[in-house]
1. Kindly provide the set of residues from the stretch 34-51 that are under 15 Å from ASN14 (Cα atoms) and of a type in the set (Lys, Arg), ordered by number.
2. So PHE38 ticks every box in (1) assigned to a loop (DSSP other than H, G, I, E, B); (2) modelled with pLDDT of 95 or more but one. Which box is left unticked?
3. Tally the residues that are more than 10 Å from the chain's Cα centre (by Cα) and of a type in the set (Val, Ile, Thr), restricting the search to the stretch 23-60.
4. Which of the residues that make up the stretch 2-49 are under 21 Å from GLN76 (Cα atoms), exposed (fewer than 11 other Cβ atoms within 10 Å of the Cβ) and of a type in the set (D, E, K, R)?
5. Give the stretch 41-69 a look and list any residue that's among the polar types (S, T, N, Q), out of contact with any Cys (no Cβ under 7 Å at 6 or more places or on another chain) and in a helix (DSSP H, G or I), or say none.
6. Answer yes if at least one residue in the stretch 70-82 is in a loop (DSSP other than H, G, I, E, B) and under 20 Å from ARG3 (Cβ atoms), and no otherwise.
Amino acid sequence: MGRWEVIPLDVRENVIKVVSHVKNCMPNPPDEHFKWLFEVYNTYVEPLNCKKMTCRNDKATVLNVLNTYSEIWKNQKKSSTKQ
């Protein structure tokens, strides 16, 4: 089981939307969106190694990881609709 699979299905669609929005708003994305992404990351992805929103490297890590997961979910969705 990949780490992206531990995030509940009902949260995934929102992650995809928020990651996309944050990327489009760079370099100054809304703090509330980033805060929510950190909550998702720290709750589901790495609860024993929580990332801090004040750390620039942690921001990049959270966004990159959740963006990768978003791409995986989008590809899974595409492949399931082709069948």
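1. LYS35
2. Here PHE38 meets the rest and fails (1).
3. 2
4. Once the filter is applied, which keeps residues that are under 21 Å from GLN76 (Cα atoms), exposed (fewer than 11 other Cβ atoms within 10 Å of the Cβ) and of a type in the set (D, E, K, R), the stretch 2-49 yields only ASP10.
5. Once the filter is applied, which keeps residues that are among the polar types (S, T, N, Q), out of contact with any Cys (no Cβ under 7 Å at 6 or more places or on another chain) and in a helix (DSSP H, G or I), the stretch 41-69 yields THR43, ASN57, THR61, ASN64, ASN67, THR68.
6. no
The values are calculated or read from the model by the stated rules, or taken from the named source; none is laboratory data. No experiment lies behind these values; they were computed from the predicted model shown. Cβ atoms come from the backbone with ideal geometry, glycine included; neighbour counts cover every protein chain shown.
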